[in-house]
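Note sheet for the following structure.
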Amino acid sequence: QVQLVESGGGLVQPGGSLRLSCVTSGSIFSINAMGWFRQAPGKQREWVATLTSAGSTNYADSVKGRFTISRDNAKNTVYLQMNSLKPEDTAVYYCNANQWGRLYWGQGTQVTVSS
C-alpha cells in the first residue's frame with residue numbers, strides 16, 4: 001500500500017511558476033516509477049511526466065521544456081517544477097506511483113493559470 005499527498009497548487013499568472021510536491025508514505029518499497037497526471041474539467045486525465053526508480057524521465061510534448069520532474073529520496077518526495085505556465089495548463093494535478101504494476105493516486109491539487 002502506498003499513500004500519496006500532493007501540495008503546492010494555487011493561482012498563478014501566465015508565465016509564472018509553481019512547484020508541486022508529492023510525499024509518499026506507507027509500504028513504499030519497490031516503487032518502480034512515479035509520475036504526474038492532470039485533468040481539466042470535461043477532459044480525460046492526461047499524462048504529464050514520469051520518473052523511474054533508475055532516474056530516467058519522460059515528458060508529454062505539451063510540457064516538454066517547461067516542466068521538470070525530480071525527487072528527493074531522503075524525503076520520499078517527488079516534485080514537479082512548472083515554469084512558463086500557460087492558461088491551458090489549468091487542471092487538477094495528480095501524483096501517482098507504480099508498485100508491482102498497480103497505480104496509486106493522490107487526492108490532487110488544483111493549478112489555475114489566469115491573469
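The values are calculated or read from the model by the stated rules, or taken from the named source; none is laboratory data. Fair warning: this is a prediction, and the values are worked out from it, not measured in the lab. A quick note on method: Cβ atoms are made from the backbone with ideal geometry, for glycine too, and the neighbour counts reach across all protein chains shown. Keep in mind that these areas ignore ligands, DNA and RNA; they rest on the heavy atoms of the full protein, side chains included. Shrake-Rupley method; radii C 1.70, N 1.55, O 1.52, S 1.80 Å.
Ligands, DNA and RNA left out, the 1.4 Å accessible surface of the chain is 48% carbon and sulfur atoms. Residue 43 exposes around 140 Å² of accessible area when a 1.4 Å probe is run over every protein chain in place. Using the Cβ-Cβ distance between residue 112 and residue 74 with R0 set to 25 Å, the FRET efficiency works out to roughly 0.20. Between residue 3 and residue 100, the simple spin-label model (points 7 angstrom out along Cα→Cβ) gives 1.9 nm. Near residue 84, no amide H atom lies under 5 Å from its own; only residues 5 or more places off or on other chains count, and H is placed 1.01 Å from N.
In terms of overall dimensions, the chain has a Cα radius of gyration and Dmax of 13.4, 42 angstrom. Here residue 86 is the anchor, and the lysines within straight C-alpha reach of less than 20 Å, apart from those fewer than 8 places off in the same chain, are 43, 64.
When the alpha carbon gyration tensor of segment 45-96 is reduced to an equivalent ellipsoid, the three semi-axes, largest first, read 20, 12, 11 Å.
Dividing the mean sequence gap of close Cα pairs (under 8 Å, 6+ apart) by how many residues segment 23-115 holds gives a relative contact order of 30 percent.
Magnitude of the charge dipole for the chain, about its Cα centre and with charges confined to Cβ atoms of Lys, Arg (+1) and Asp, Glu (-1), is about 60 debye. Take residue 112: with every protein chain present and a 1.4 Å probe, its accessible area is about 40 Å². Remark: the chain carries 54 Å² of accessible area per residue (probe radius 1.4 Å; ligands, DNA and RNA excluded).
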